[in-house]
Amino acid sequence: MIAAAAPIRAKRVLPGFTLSLGTTLLYLTVVILIPVLALILKGAEIGPARFWAIVTAPRAVAAFQVTITAAVIATVFNAVYGLLMAWVLVRYEFPGKRLLDALMDIPFALPTAVAGLSLTALFSANGWIGAWLEPQGISVVYTIWGIALAMAFTSVPFVVRTVQPVLEDLDPAYEQAARTLGASEVTIFTRVIFPQILPAWLAGCTIAFARSLGEFGAIVFIAGNLPMKTEIAALLAFIRLEEFDYNGASAIALVLLVFALVLLFVSNRLQAWAMRHKGV
Amino acid sequence: MSDIAQVRFRSATEETPLARRALIAVAVLGLGILVAAPLIVVFAEALAQGWAAAVASLGNRDALSAIRLTLTIAGISVPLTAGFGIAAAWFITKFDFRGKAFLITLIDLPFSVSPVVAGLCIVLMFGTNSLVGGWLVASGYPIVFALPGIVLATMFVTFPFVARELIPVMIEQGRAEEEAALTLGASGWRVFWTVTLPNIRWALLYGVLLCNARAMGEFGAVAVVSGKIRGQTATMPITIEMFYNEYLSVAAFSLAAVLTLLALVTLLLKTALEIRHADQLAALHP
């Protein structure tokens with residue numbers, strides 16, 4: 001193990017370079033890179049003209065529209081609610097706080113299919129909350145609101161868990177200085193606190209948005225899956241695959257993959273910005 | 001969350017008690033509707049016709065084979081992901097090299113890629129129509145619509161879980177302790193077993209727990225690669241959907257309740273770990 005690293009050994013004191021490098025690369029290649037490459041090659045095989053025809057077909061366009069609209073709704077909600085939740089969890093002491101903190105991880109640990117199933121039961125016309133909303137003319141299940149709800153459920157911890165540690169690490173000296181100089185509470189928040197947590201908050205929102213675009217399990221239960229109306233892009237790819245239309249499935253999946261990659265890149269840049277912020 | 005931080009902040013925060021209470025109320029209400037209510041509904045629906053009906057539905061042949069399959073998949077994929085996670089975290093935190101940020105981004109990829117896309121990638125790679133898959137099927141080792149494909153899909157979606165928990169903890173702990181052990185003459189493996197592992201064990205345990213919950217609960221990627229063959233490739237989440245579509249509400253919710261219990265136990269253990277080993281898990285929230 002050590003022999004392989006010998007030429008530059010002065011820099012690498014600890015052993016296991018080759019072993020850990022080999023394991024990491026092998027696993028990464030087999031599990032992630034080769035399958036993703038298969039999708040990209042399939043996309044290249046389709047050719048630009050047919051690719052364009054598939055992704056601009058009315059049903060595909062409608063599916064992308066539904067997915068993006070619902071993801072925007074869910075992300076706006078999560079951006080506000082996630083920030084509030086992180087604020088409450090970091091800054092206040094109250095009974096049941098630890099329970100609240102633990103419950104915040106439920107969307108990570110609960111299977112998405114279970115989440116979809118129970119949200120549907122809860123918000124359907126005869127569910128506990130649905131029975132109360134329906135008479136007021138608000139239907140959630142089988143509408144875009146249901147899709148947004150399922151997305152919000154699965155992605156809200158991403159915002160909370162990225163903002164929380166930054167909020168914890170804030171140096172109170174800046175706030176105290178601002179207060180001494182006579183700033184109001186609102187000014188302190190908008191001018192002193194918010195700029196410090198902005199990069200982490202944006203990074204969390206970006207990951208939450210990416211997660212929402214790709215969510216599947218929770219949504220298929222609650223959406224009703226009506227083509228052109230409540231059919232999300234991931235489901236359309238799934239349906240195309242079940243019809244053995246590999247080109248159709250791959251083209252839609254490739255668009256989703258590109259979205260995911262771009263958002264991951266943006267989030268990473270934002271995280272790097274957040275780290276720099278922390279260093280200052 | 002260290003208590004020191006809490007105390008430090010209380011002096012700096014000066015919202016009125018009314019504003020505090022309003023914010024806490026909104027946070028609790030939102031979580032109640034979005035998270036707590038769905039949890040309660042799962043158990044309420046499962047027990048809608050009493051305990052006997054719920055337990056009986058779990059003894060159903062399809063339900064039992066789903067439980068067995070899900071346990072098998074988790075049993076194979078979780079140790080592999082944990083092994084990879086340790087290797088990747090060691091590689092990333094113990095050595096300096098170019099492209100480290102890129103490698104971390106690659107590890108994060110499954111967080112943002114749709115599980116359906118992940119499943120499709122595996123079908124395209126190993127399906128009967130592909131070069132590799134055609135050869136494997138001809139040799140009698142089908143991947144897609146069989147156990148290996150489901151395991152592979154599970155490994156794809158749970159890929160970052162262990163590595164992501166370990167990396168911040170290992171960065172925080174630095175390399176000094178391992179270097180000291182080496183200087184004293186310990187072998188590489190001995191350093192790992194006696195110095196590194198005790199330092200990271202709680203973070204590792206938490207990563208494995210989360211990874212396990214995700215492995216047992218994965219739906220999208222498994223739905224694509226499994227072909228949903230009843231009694232053969234239908235995992236617990238897939239069987240929940242089948243029962244639900246057949247209007248077997250109690251059966252669907254009973255199976256869902258089992259997975260919910262698993263999630264609750266996972267988080268209970270996590271909270272217990274946080275209380276008992278707060279110092280070693282402090283770096284968990286990067």
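The values are calculated or read from the model by the stated rules, or taken from the named source; none is laboratory data. All values reported here derive from a predicted model rather than from experimental measurement. Methodologically, a virtual Cβ is constructed for each residue, glycine included, from the backbone with ideal geometry; neighbour enumeration extends over all protein chains shown. When the accessible area is computed, the model is the full protein with side chains, heavy atoms only, and any ligands, DNA or RNA have been set aside. Shrake-Rupley method; radii C 1.70, N 1.55, O 1.52, S 1.80 Å.
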For the range B:110-243, rounded, prolate or oblate, judged on the Cα gyration tensor with a ≥ b ≥ c (square roots of eigenvalues), a/c < 1.5 rounded, else prolate if a/b > b/c?
prolate
For chain A, what number results from the quotient of the Cα radius of gyration and 2.2 N^0.38 Å?
1.23
Rounded to 0.05, the calculated FRET efficiency for the beta carbons of A:F194 and B:T72 at R₀ = 51 Å is 0.55
Pop out the ³J(HN,Hα) list for the range B:257-265 in order, Karplus 6.51 cos²θ - 1.76 cosθ + 1.60 with θ = phi - 60°, rounded to Hz; leave Gly and Pro as x.
5, 4, 5, 5, 4, 4, 5, 5, 4
By average Cβ neighbour count within 10 Å, what is the ranking of B:48-60, A:254-266 from highest down?
A:254-266, B:48-60
Tell me, Kirkwood radius of the range A:67-175 from alpha-carbon pair distances, in Å?
15.4
For residues of B:188-196, the mean tally of beta carbons on other chains within 10 Å
2
Which whole-Hz ³J(HN,Hα) couplings does the range B:149-157 yield from phi under the Karplus relation 6.51 cos²θ - 1.76 cosθ + 1.60, θ = phi - 60°, glycine and proline marked x?
x, 5, 4, 4, 4, 5, 5, 4, 6
Not counting the cut sites, what is the longest span of chain A without trypsin sites (Lys or Arg not before Pro) that DSSP labels loop and that have at most 15 other Cβ atoms within 10 Å?
A:12-228
Residue-ordered couplings for the range A:216-227, obtained by feeding phi - 60° into the Karplus form 6.51 cos²θ - 1.76 cosθ + 1.60 and rounding to whole Hz (Gly and Pro as x), are 9, x, 5, 7, 4, 6, 8, 7, x, 6, 7, x
Rounded if a/c is under 1.5, else prolate if a/b is larger than b/c, else oblate: which is the range B:182-277, with a ≥ b ≥ c the root eigenvalues of its Cα gyration tensor?
oblate
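With a cut-off of at most 14 other beta carbons within 10 Å, and DSSP calling the residue loop, which GluC sites (Glu not before Pro) in the range B:174-257 qualify? Please list them.
Here the sparse-neighbourhood loop sites are B:E246.
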Nearest-10 value in Å² for the accessible area of A:I193, using the 1.4 Å probe
10
Length gained when the stretch B:I171-B:T16 is fully extended (0.36 nm per residue, less Cα-Cα span):
51.9 nm
Please compute, for peptide B:206-215, the average count of beta-carbon atoms on other protein chains lying within 10 Å of each residue's beta-carbon.
2
State, in square angstrom and to the nearest 100, the accessible area buried between chains A and B, both chains counted, probe radius 1.4 Å.
8900
Area projected by the alpha carbon convex hull of the range B:60-123, averaged over all directions, nm²
6.0
Can you name the helices of chain A, as whole DSSP H runs, whose Cα span along the helix axis is 27 Å or more and whose Kyte-Doolittle mean is not below 0.5?
A:58-91, A:144-169, A:194-214, A:246-279
Does the range B:47-284 come out rounded, prolate or oblate by the C-alpha gyration tensor, with a ≥ b ≥ c the root eigenvalues, rounded set by a/c under 1.5 and, if not, prolate when a/b is larger than b/c and oblate if not?
oblate
If exposed means no more than 12 neighbouring beta carbons inside 10 Å and the site is in a DSSP loop, what's the longest run of chain A without any exposed GluC sites (Glu not before Pro)?
A:94-242
Of all the accessible heavy-atom surface of chain B, with the other protein chains kept in place and a 1.4 Å probe, what percent is carbon and sulfur?
67
Kindly report, to the nearest 10 Å², the accessible surface of B:V28 as traced by a 1.4 Å probe over protein heavy atoms only.
70
Please report, for the Cα atoms of the range B:149-203, the Rg to one decimal and the Dmax as a whole number; what are they, in angstrom?
14.7, 46
Please give the average number of partner chain Cβ atoms lying within 10 Å of the Cβ of each residue in A:252-258, rounded to a whole number.
4
Run lengths n ≥ 4 of DSSP H only: what is the helix-derived mean residue ellipticity at 222 nm for chain B, with -39500 (n - 2.57) per run over all residues, to the nearest 500?
-24000 deg cm²/dmol
Using helices alone, I'd like the mean residue ellipticity at 222 nm for chain A: each DSSP H run of four-plus residues gives -39500 (n - 2.57), total over residue count, nearest 500.
-23000 deg cm²/dmol
Here the Cα Rg-to-2.2 N^0.38 Å ratio for the protein assembly as shown is 0.98
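May I ask you to list the chymotrypsin sites (Phe, Trp or Tyr not before Pro) in the range A:107-149 that are in a DSSP loop and have at most 16 other Cβ atoms within 10 Å of their Cβ? Don't jump to the answer; show the numbers that get you there.
Numbers: sites: A:F108, A:F123, A:W128, A:W132, A:Y142, A:W145; in loops: A:W128, A:Y142.
Taking the range A:107-149 and a limit of 16 other Cβ atoms within 10 Å, the loop chymotrypsin sites (Phe, Trp or Tyr not before Pro) found are A:W128.
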